[in-house]
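Encoded as C-alpha cells, the structure appears first; notes follow it.
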Amino acid sequence: MGASQCRVCCHHTEDDQVITPSVERKTENSDPDPFQEDPVGFTDAKRSGALTQTTTGSTTHVDRISSSDKTLSEEGLDENVAFRNSGVESIRDCEELLESVRQFCREGRVFDAVVELKRLELEVSERTPLPHSDGGAWHEFAANLRKDPLIGTLHAVHDRMTSVLETMGPRALPGGKEDKRWVHTVIQDRAIGPDFSADIKIRFAEGGERDPNGASTQLITCGHLTSFPMDLDRFVSVYRETDIYQKQWIADCESCEGEVAGLEKMYSALSKIINSSPLLPVRLEVLTVREFAVCPTSPFPDRGCRQAFFQGPGVLVMDMSAPIGASNFAGWELPTPLRRASRLSGLGLILYFTPRRDQPGHCDVFAFAKAGAPVPQWLIPLSLLKRFFAHHFLSVFKAIKNHIVDDWDNLEYGNRITKCPDFYSSISRLVKG
C-alpha cells in the first residue's frame with residue numbers, strides 16, 4: 001500500500017460502527033453528541049480569559065484563573081496591579097502565601113497552586129532588587145524558593161500539562177459529522193451499566209500535527225465515556241494506584257507493572273503494560289508517567305459548546321510517554337526497552353473525569369490522545385485500529401466493572417484512598433460541592 005492509500009485512510013468514510021455485546025443497539029441517547037459542534041480549543045480558551053500567560057525567567061507559564069482568583073482578571077485590571085495590591089508586605093506574608101501554594105499541592109490542585117505561585121514569585125521579584133533594610137532576607141527567601149524541590153516539580157508538571165493542552169486546538173478535535181478524517185465506533189454494554197456508552201473517534205495525524213522526529217505512524221484519538229458506575233475518587237484511584245492493577249484484567253496483556261509516588265512527585269504514577277493483541281502485527285510496550293490535577297473549576301471555560309472536553313469540576317489525568325531513548329523522565333527512572341516489542345512513543349493523553357450530577361455514583365470521562373508506533377502506517381489501517389481500540393476499551397471498562405467495582409471491598413484501593421487523605425478528599429469535595 002502506497003502513500004495514496006494512506007491518504008485515503010486519513011479520510012476514511014466507512015460507516016460508523018456500534019459495538020453492542022448485549023446485541024441491543026441504542027438509537028437514542030439522553031446525552032448530547034460531544035462531537036456534534038465545533039470544539040472549544042486552547043486558543044479559544046486563552047482568548048476568552050480563562051487562561052492567562054506570564055513569564056517567569058525564561059519559562060512561559062500558561063495558567064487558569066480559578067474562581068477564587070477572579071480579582072486577577074475582573075474589570076480588565078492590569079494583572080501586575082492586582083498582584084501589587086494583594087496585601088503582601090513582609091516575608092511573613094510571603095511565607096503564608098508559600099504555605100497556600102503547598103496546601104494546593106497537597107490537594108493535587110496543580111492549576112490553583114500555580115496561580116498562587118505566580119503571585120508569590122512576582123511579589124518576591126519586585127522586592128529583591130530594592131535596597132530594603134531586610135534585603136538580604138528577601139534574597140535568601142528568593143533563593144530558597146528557586147531551590148524548593150516541590151516548587152520545581154509543580155512547575156514541571158504544569159508545563160507538561162499545558163504542552164499537551166496546547167495541541168487541542170479546534171482543528172485537532174472532531175468537527176461534527178462533516179469531518180471525514182475520522183473513523184468512529186460506539187461501545188455499549190448493559191453488563192457495565194444501562195446508560196453506559198463510549199464514543200471513540202480515531203484518525204492519523206496530519207501535516208503540522210506530526211512530529212518529524214516521531215514514529216512513522218502517529219494517531220489522534222478522541223473519546224467520550226458516559227455514565228460509568230463508579231464514584232469519582234474510586235475511579236481516579238484505579239488510574240493512580242498502578243501497582244494494584246493486575247494483568248489478567250487487561251485483554252491480551254503479557255505483563256502489567258506500576259509504581260506510585262507521593263507529594264514529592266505531585267502524586268504521579270509510572271505504568272508499564274506489554275500488550276500482544278492478535279489484532280496488531282507487533283507487541284506493544286506502553287510505558288507512561290501519569291500525572292493528576294484536581295480542578296474545582298473547569299480548566300477550560302464552559303461556553304455552551306457540546307464538544308467542550310472539560311465541563312464543570314473534575315480531575316485531569318495526563319499520561320505521557322518519555323522521549324525516545326530517555327532513561328529518566330518526570331522524576332522517574334525508566335526501565336530499558338524490551339526486545340521484540342515496540343515501545344509506544346509520542347503519547348500525550350488527557351483524561352478528564354467528571355461526576356454526573358444526575359446520576360450519583362457515576363462518572364463521565366472525556367479523552368484526547370496523540371500517540372505514535374514505530375511501524376509503517378500502511379501496515380495498520382484505520383479500520384484495523386478501530387477494531388483494536390473498540391476491543392481494548394470494552395475489555396478495560398468491563399474489567400474495571402467486574403474486577404474492581406463489584407469486588408471493591410476485597411481490594412486494596414480503599415486503603416490507598418484512606419492513606420492519601422489530602423489528595424482523595426480534595427476529589428471527594430468536587431462531588432459534594
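The values are calculated or read from the model by the stated rules, or taken from the named source; none is laboratory data. All of these numbers come straight from a predicted model, not from anything done at the bench. We place every Cβ from the backbone using ideal geometry, glycine too, and count neighbours over all the protein chains shown. Protein only, heavy atoms only, side chains kept; ligands, DNA and RNA dropped before computing areas. Shrake-Rupley method; radii C 1.70, N 1.55, O 1.52, S 1.80 Å.
Looking only at residues in region 364-380 that are crowded, with 19+ Cβ neighbours inside 10 Å and either touching a His at 6+ places or on another chain (Cβ under 6 Å) or not small (Gly, Ala, Ser) (or both), the one that is farthest from ARG210 (Cα to Cα) is ASP364.
Restricting attention to region 393-417, the residues that are out of contact with any helix residue (DSSP H, G or I) (no Cβ under 7 Å at 6 or more places or on another chain), under 24 Å from CYS253 (Cα atoms) and either surrounded by fewer than 17 Cβ atoms within 10 Å (Cβ to Cβ) or among the polar types (S, T, N, Q) (or both) add up to 7. Residues in region 418-433 that are of a type outside the set (S, T, N, Q) and open to solvent by 30 Å² or more (accessible area, probe 1.4 Å): LYS419, PRO421, ASP422, ARG429, VAL431, LYS432, GLY433. Checking each residue in region 185-204 for being of a type outside the set (Val, Ile, Thr) and crowded, with 22+ Cβ neighbours inside 10 Å picks out GLN188, ALA198, ASP199, LYS201, ARG203, PHE204.
Here is the figure for region 141-174: residues that are closer than 27 Å to PRO299 by Cβ and open to solvent by 30 Å² or more (accessible area, probe 1.4 Å) total 13. Considering region 222-267 alone, what residues qualify as being charged (D, E, K, R) and outside any strand (DSSP E or B)? Matches in region 222-267: ASP231, ASP233, ARG234, ARG240, GLU241, ASP243, LYS247, ASP252, GLU264, LYS265. Residue check: PRO355 meets all listed conditions (1) open to solvent by 50 Å² or more (accessible area, probe 1.4 Å); (2) on the phi < 0 side of the Ramachandran plot; (3) within 23 Å of the chain's Cα centre (by Cα) but one, namely (1).
Within region 349-385, the residues that satisfy the criterion of being in a loop (DSSP other than H, G, I, E, B) and not small (Gly, Ala, Ser) are ARG356, ARG357, ASP358, GLN359, PRO360, HIS362, PRO374, VAL375, PRO376, ILE380, PRO381. Being surrounded by fewer than 16 Cβ atoms within 10 Å (Cβ to Cβ) and in contact with a Pro (Cβ under 9 Å, 6 or more places away or on another chain) is the filter; apply it to region 253-286 and report the residue that is nearest to SER321 (Cα to Cα). Among those that are surrounded by fewer than 16 Cβ atoms within 10 Å (Cβ to Cβ) and in contact with a Pro (Cβ under 9 Å, 6 or more places away or on another chain), it is GLU257. Residues that are crowded, with 20+ Cβ neighbours inside 10 Å, polar (S, T, N, Q) and under 21 Å from ILE202 (Cα atoms) within region 219-239 comprise just one, THR226. Within region 172-190, identify whether any single residue is small (Gly, Ala, Ser), within 30 Å of ALA113 (Cα to Cα) and out of contact with any helix residue (DSSP H, G or I) (no Cβ under 6 Å at 6 or more places or on another chain), and answer yes or no. Scanning region 172-190 turns up at least one residue that is small (Gly, Ala, Ser), within 30 Å of ALA113 (Cα to Cα) and out of contact with any helix residue (DSSP H, G or I) (no Cβ under 6 Å at 6 or more places or on another chain). Would you check if GLY176 is of a type in the set (Gly, Ala, Ser), on the phi > 0 side of the Ramachandran plot and out of contact with any strand residue (DSSP E or B) (no Cβ under 8 Å at 6 or more places or on another chain)? Yes; evaluated as a whole, the condition is true for this residue.
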